[in-house]
Structures are given as C-alpha cells and as structure tokens.
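Written below as structure tokens is the structure these notes are about.
All of the numbers you see were taken from the coordinates with simple rules; none came from a lab. None of these values were measured; they are calculated from a predicted model. Cβ coordinates were reconstructed from backbone atoms using ideal geometry, including for glycine residues, and neighbour counts include every protein chain displayed.
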Amino acid sequence: MMAAPENERSRLDDAARAGWLYFIAGHTQDEIAKMLQVSRASAQRLVSLCLAERLITFRLEHPIAACMELASQLKDRFNLVHSEVVPADPAAPNTTAGVAERSANLLDLTLRSETPVIVALGTGRAVRAAVERVTPIDRPNHQIVSLVGNISADGSASFFDTVGRLADRTGARHYPMPLPFLMSSEDERNRMVRIEPIAKVKAIAAKADLRLVGIGQMDQKAQVHVDGFVTREELFEMMRLGAVGEVTGWAYDEKGRLIKGGTNKRLTSIPPQTPAQTTTIAVAVGAAKVAAIRAALIGRLVNGLITDEATARAILDR
C-alpha cells in the first residue's frame, strides 16, 4: 500500500493537533484558530476532519509525527524503555491534561491484565490527574502501593495522594505509606521504616511491575515546599548541596546522583532504584522542570518518560 502524500499527512497532523486542543485541552475553535494561525472556518474543518478520520475517540489515537520523533529521540538518547510525547498547549504550557491522558492509558493497559499486578505510585499533580482518568475496572487481585510517606509536618495528609483513589477505581488492595514525609532525625527514620507494617509496604513496592512517579524541581517554587512537606530552610539546604530535582522526595544533583545529606537523611519514602530496574515512568512537564527531568534521565532514576513537546525539545536541546 502506498504511503499517503506528504501534504495529506501534514493535514492529518494538523487535524489531530486541532482535535487535541478542542477535545482534551478544552479550547474553543476561535482559540484554536489563533494558535494554529488559520481561519476559524479552517479550525472548524480540522476538528471535523479529526472526527471523520477517527483520529480521536476518547483519547488521541493519531500519532503526531513531531511528537513521535521527539519520543524516539528521547528513547535513544537516554536508553528508555518507554517514551511518550504529547502535543504542547501554547496557551497553558504547564498543563498536565495531555500527559495525564497518556499516563492514564498506560495505567489502563497495565490494570487490564487478568494476571495480578503491582502498581507503585508517587504523588503529585500529574500522577493524581492520571489516576482520576483511569477507567474503572474490577481487579481485586491487583495491588496498589505508595512509594511516599504522605503526612506533612503539620500532620495533614497530602491532597495529591493517589493510592486510595486508584484503589477506589479498581477494587484493588492498596497499601499507603502511613508515615510523615520527614522524620525528626535520621535515627528515628531508620527505626520507623523497620517496623513491620512499613517493612511489608516496602517489600510489596520492591516487587512492583510498574512505578509511576512525578518529578519536582528544587527551587523556590518546589512542590515539596509549596505543599508544606519541607521548610524554606530545608529546601535551601538541599539547593546548597546541589539538588536540582526530586523523585518521591529524594533529592538529586544535575547528574542524577542522590544527595547524601539534608532531608534525604530523614526521608521515609522508598528510595528510587539506581539504576531503575522496574519499569519506572516519570510524568512531568514544564520549563521549570527541564533540568530536574534531564538529571533524572541521566542518573537512570527513571527509565521512562511521559512529557509534552516543549519540554521534550528543551531536554534534548539542553
């Protein structure tokens, strides 16, 4: 069968992009026309073409060529087991809508298995958004386990905890990490992670078939600080020690090496495998996270990535 002419492929790419902006990102056709620099009538026709060609159902099915190429480059450059790049939304460069859809699709595929599987989850906005999009399915033999202590310094639980929510959607057994994110001392942390219930959670996480985690930057807008898990002084100490990012709270430097001091000494979260052996997929977007994502890939703290076009280009160009 002959390949479609180049201009037809380009038009399908435009139709897929318009469909994504309309059905997933939620933009009006007037807004799409401005973003794609076409008339409103053209934008309307592209959205209609997207539907007519079944490029989109409830999820985007058409592999946009530029995104596919970026995903391939990331996979080759960093030796990844999984790489997906979604279209960027010019009006909302930090939106998690696209990456949440693709992450939900990955979770759906994993959870659809009749064979019992273990899914280990970090926290964060992108992971939470992905879990909210998972198709409900009855899988009581699966296990969902947390990688992160989800209690902040003031005793409140994290709003972005994901384990219980995914268990609600699947009927799976779930294992939260019922510990403060940070303990008051290294000795206290060492004692707490050895108690039997926590040791069992760690043992289940060690057998996970899939780990899905977020990546946080380490700057004055770091999520671990904004969400109340570390103080301003603790954050600045980690930055002085060279931290550029964190995975499940574990701070690391620009080469992806875990920081040996600071809050890492008191952290209760399950440490990342170095290098990652389990399929460990990071979900992250945004210019502020580029250095953190790239360092995690270099250090093999993760072996998979779901991101958007703009972030992917910045990682590859850095």
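Highest-first packing order for the peptide set 121-129, 179-187 is 121-129, 179-187, based on the mean count of other beta carbon atoms within 10 Å.
Centroid-to-centroid, using Cα positions, the stretch 260-278 and the stretch 96-145 are 23 Å apart. Placing dummy labels 7 Å off each Cα toward the beta-carbon, the span from S48 to R240 is 6.4 nm. At q = 0.08, 0.11, 0.15 Å⁻¹, what log₁₀ I(q)/I(0) does the chain have when each alpha carbon counts as one equal point scatterer in the Debye sum? Summing over Cα pairs of the chain leads to -0.38, -0.70, -1.19. Could you compute the net charge surrounding P116? Neighbours are other residues with a C-beta less than 15 Å from the C-beta of P116; K and R count +1, D and E count -1. In short, +1. Net length available on complete extension from M192 to Q37 is 50.1 nm, with 0.36 nm assigned per residue and the Cα-Cα distance removed.
Give me the net charge for the shell around A312: Cβ to Cβ below 13 angstrom, other residues only, Lys and Arg +1, Asp and Glu -1.
+1
Measuring between alpha carbons in the structure, the pairs from K207/K255; K34/K221; K200/K255 lying more than 29 angstrom apart are K34/K221; K200/K255. Note on K260 and D209: the model spin-label points, each 7 Å out from Cα along the C-beta direction, lie 3.9 nm apart.
Dipole orientation for the stretch 258-318: of the candidates A314, P271, A282, P271 has the Cα lying most toward the positive pole (charges on Cβ; Lys, Arg +1; Asp, Glu -1).
What does the extension gain come out to for D154 and D317, with contour length at 0.36 nm per residue minus their alpha carbon separation? Don't skip to the answer; put the middle values down first.
Numbers: separation 163, 0.36 × 163 = 58.68 nm, distance 4.08 nm.
Contour length minus Cα-Cα distance gives 54.6 nm.
For a label point 7 angstrom out from the Cα of D219 toward its Cβ, which stretches of the stretch 86-107 have the backbone nitrogen within less than 18 Å? Only 92-96 fall inside the zone, counting backbone N under 18 Å.
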